[in-house]
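The values are calculated or read from the model by the stated rules, or taken from the named source; none is laboratory data. Everything numeric in this text was worked out from a predicted model, so none of it was measured. Backbone-built Cβ (ideal geometry, glycine too); neighbour counts: all protein chains shown.
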Amino acid sequence: MYIKCDRIICENGSLDGYLVIENGKIIDFYSRDAVVDAFIDYSGYRIIPGIIDTHIHGINGFGLFGGDCSDPECEVKGFLKGCAANGITGVFPTTSPDMCKVVAKVAKEQPDGARILGIHSEGPYLNRTGEKGIEAETPTVDMDLVKKIYEDCDGLLKLMAIAPEIKDSQKVIDYLREKNVVLSFAHSNCNYEEAMHAFQHGLSVSTHTANVMSGIHHRDMGGLGACLLNENVYCEVICDGMHVNPIMLEIMFRLKDFDHWFMVSDASQACGAPVGTYKFFGDTKVTIDESGFSKTDTGRLMGSTKTVLYGISVLANQLNIPLKQILRMSSLNAAQFYGLGEQKGSIAVGKDADLVVINDDYEAIATYVEGRLVYDSRIDKELFNEKYLTRFKIEEGV
C-alpha cells in the first residue's frame, strides 16, 4: 500500500512523498517524483503519528464505567471507534474495576478502532482534595480489590493512579511495582515534601498535572511544584486550554522539558456531545456549551470533553509550539515510556503504520492502525452513541 502526502510529519521534519506500507509496517519512503501506479492520495492534508492517549474514560457517548450498561462489550467497541475518529491509534482505556475484564477481552479481538495498549485504573484510592479545598471521605485500601483489578486486566494493567497519603497506599504501590505496573501521583493533597517522598518510593507519573492536586504558592510549592521539579517524574497534562491556563502551560513546559510530558484528554462520555443540558455523575446538571466544554451552572468545568487532537491545536495556535515538539508529547513520549517506542509513537521506517490524516483545523480525516483504515470521515458518520442522549440529555423545561 502506498500513501501519498506533501506533509508527512516525522521525528526530524516534514516529508513530501509516499509512505510504503506492508503487513502493517512502514517499510520505505519514496520521494514525490517516484512512479507509483496505485496510491491513496492525501495531498493538501497532513499526516501525523497516531495519538497515544493513556488517560481517557469515554468519548462520543461511550463510557468505561460499567454500572447498568446493557452491552459492555459493545460499549468498549464504540469507545474505540470514537477514539479512532479523533486521531487516537493507541489507548489505555481508563476504566472502573467492574469493566476491567470486558476491556481485556475486547483488547484481544482487534476491533474496528484504536488499539488497546494497556489498561489504566485511576484509583480507586484517591483523595479528592487539593483544588479549592474540596473535601471527601478518604477510601480504605483493600488489597483483595487491588489484586482482583490486576487479575481481571489479564496482564494489561499498565497504570494505576493513587493518592500516596492514603493509609496503606504503599502496600498497593509495592505490590503493583512487583508486577511492573506504573504508579501515578493523583488526586492528592500532599505538600511538596510529601510528594517528593512519594516519588522516591514508587511513583513515577503525575496524573493530569496541576489538576486535583495542591498548587504552587510562593511559600509552599505544593504537589504541583514537586511534579514539575522532580526530574524523574513524567507528567500527564490536559491541553484543552481550560483545565490548565495556556500561560501556565507555558510555564510548566519551560520548567520540564518536552520529553517528560504525555498529552492526555481525560475525556468522559460527554466528549463530542451536542450542545445541551445533561445529567452527569448522578443527578448533577451540566451544560455542554457552544465550544464543547462541560460546565455547571456556575461556569465551573465538570469533567473533560476535549480530545488530545484538540489540545494539539491549542498548543500550536495559542502557544506557537512547533508541531514536532507537540507530537512528542501526544505520541512518542508515552510510547517510549511504556516500552513501545520501537514500534509506535512516530512515523519511521520499521515502525507500525499508526497514522492520522488531519486537515488544517486539526480534525481527523482518516486514521490507520497498523496499516488498517479504522476511520474514514467520508464514510464513518453519526458515530455518537444515541443511547447516551436518551439516558442523560435533559430536555428544555424539564
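A few points about this structure:
- Scanning the range 341-370 for residues that are over 19 Å from the mean Cα position of the chain (by Cα) and under 16 Å from residue 324 (Cα atoms) yields 347, 348, 360.
- Candidates 311, 345, 350, filtered to the one that is surrounded by 23 or more Cβ atoms within 10 Å (Cβ to Cβ), at pLDDT 95 or above and at positive phi: 345
- Conditions (1) outside any loop (DSSP other than H, G, I, E, B); (2) at pLDDT 95 or above; (3) surrounded by fewer than 18 Cβ atoms within 10 Å (Cβ to Cβ); number of the one not met by residue 92: (3)
- Pairs, first in contact (Cβ under 8 Å) with a residue 60 or more places away in the chain and on the phi < 0 side of the Ramachandran plot in the range 137-150, second of a type in the set (D, E, K, R) and surrounded by 13 or more Cβ atoms within 10 Å (Cβ to Cβ), C-beta under 7 Å, six or more apart: none
- The set of residues in the range 46-81 that are more than 30 Å from residue 12 (Cα to Cα), within 14 Å of the chain's Cα centre (by Cα) and of a type in the set (Gly, Ala, Ser) comprises 58, 63.
- Any chance residue 193 is acidic (Asp, Glu) and at pLDDT 95 or above: yes
- Hey, residue 144 exposed (fewer than 14 other Cβ atoms within 10 Å of the Cβ) and modelled with pLDDT of 95 or more or not: yes
- Test: residue in the range 260-273 that is assigned to a helix (DSSP H, G or I), of a type outside the set (Gly, Ala, Ser) and more than 19 Å from residue 116 (Cα to Cα): yes
- Residues in the range 327-342 that are within 12 Å of residue 89 (Cβ to Cβ) and surrounded by 23 or more Cβ atoms within 10 Å (Cβ to Cβ): 330, 331, 334, 335.
- In the range 255-296, the residue that is modelled with the lowest pLDDT out of those that are within 18 Å of the chain's Cα centre (by Cα) and either more than 21 Å from residue 59 (Cβ to Cβ) or surrounded by fewer than 19 Cβ atoms within 10 Å (Cβ to Cβ) (or both) is 292.
- Among the residues of the range 284-313, those that are among the polar types (S, T, N, Q) and assigned to a loop (DSSP other than H, G, I, E, B) comprise 291, 296, 298, 305, 307.
- Subset of the range 100-125 (residues that are part of a helix (DSSP H, G or I), buried (at least 24 other Cβ atoms within 10 Å of the Cβ) and of a type outside the set (Val, Ile, Thr)): 100
- Residue 369 vs. criteria within 24 Å of residue 75 (Cα to Cα), buried (at least 19 other Cβ atoms within 10 Å of the Cβ) and modelled with pLDDT of 95 or more: yes
- Looking across the range 152-182 at every residue that is of a type in the set (D, E, K, R) and at positive phi, the one that is nearest to the chain's Cα centre (by Cα) is identified as 154.
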